[in-house]
Amino acid sequence: KNDDDQDTSVVVETRPKTKRPPLYKVLLLNDDYTPMEFVVAVLERFFGMSHAQAFDIMLTVHQKGVAVVGVFSHEIAETKVAQVMDFARQHQHPLQCTMEKE
Ligand code: TYC
């Protein structure tokens with residue numbers, strides 16, 4: 001007796017899918033008005049940088065127009081952006097901070 005009609009030809013997926021959540025770059029943008037010391041203070045306060053590290057990154061933004069200041073989960077990146085934008089607005093500086101998927 002022939003049992004071929006029982007073969008459904010389905011390939012079983014055996015590899016477990018452990019997809020990591022996407023990461024987001026937080027970017028700081030240059031402008032002509034925000035004081036350099038304020039940007040350094042932002043990087044120290046919200047991104048845990050040393051003064052020297054913060055000064056380096058600030059100069060990179062000043063010279064190149066933009067720099068990545070950290071890479072985070074979506075929720076943390078959103079929080080960092082909101083904190084920087086709130087702090088800049090409180091001090092009436094036009095500093096811009098955004099995020100983008102890595
Ligand atoms: N360009 C600003 C100045 O000359 C300094 C600055 C640096 C502003 C980095 C924003 O993200 C920034 N005062």
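The values are calculated or read from the model by the stated rules, or taken from the named source; none is laboratory data. Note that this is a predicted model, so its numbers are computed, not measured. Using ideal geometry, Cβ is built from the backbone for each residue, glycine included, and neighbour counts are taken over all protein chains shown. Areas reflect the complete protein model, heavy atoms only, side chains present, ligands, DNA and RNA absent. Shrake-Rupley method; radii C 1.70, N 1.55, O 1.52, S 1.80 Å.
Considering each residue of the range 10-42, count those that are in a helix (DSSP H, G or I) and open to solvent by 100 Å² or more (accessible area, probe 1.4 Å), and give that number.
Result for the range 10-42: 1.
With respect to (1) at pLDDT below 95; (2) within 18 Å of the chain's Cα centre (by Cα), the lone exception for T8 is condition (2).
The residues of the range 65-92 that are over 29 Å from R20 (Cβ atoms) and open to solvent by 50 Å² or more (accessible area, probe 1.4 Å), listed by number, are D86, R89, Q90, H91, Q92. Listed conditions (1) touching a strand residue (DSSP E or B) at 6+ places or on another chain (Cβ under 9 Å); (2) over 12 Å from C97 (Cβ atoms) are all met by V69, apart from (2). In summary, V10 fulfils each of the numbered conditions (1) touching a helix residue (DSSP H, G or I) at 6+ places or on another chain (Cβ under 9 Å); (2) more than 12 Å from the ligand (Cβ to nearest atom); (3) of a type in the set (A, V, I, L, M, F, W, C) with the single exception of condition (1). The set of residues in the range 43-93 that are in a loop (DSSP other than H, G, I, E, B), in contact with a helix residue (DSSP H, G or I) (Cβ under 7 Å, 6 or more places away or on another chain) and closer than 16 Å to L29 by Cα contains only H93. Please verify whether the range 32-54 includes one or more residues that are within 12 Å of the ligand (Cβ to nearest atom) and farther than 18 Å from M85 by Cα. Looking through the range 32-54, none of the residues is within 12 Å of the ligand (Cβ to nearest atom) and farther than 18 Å from M85 by Cα.
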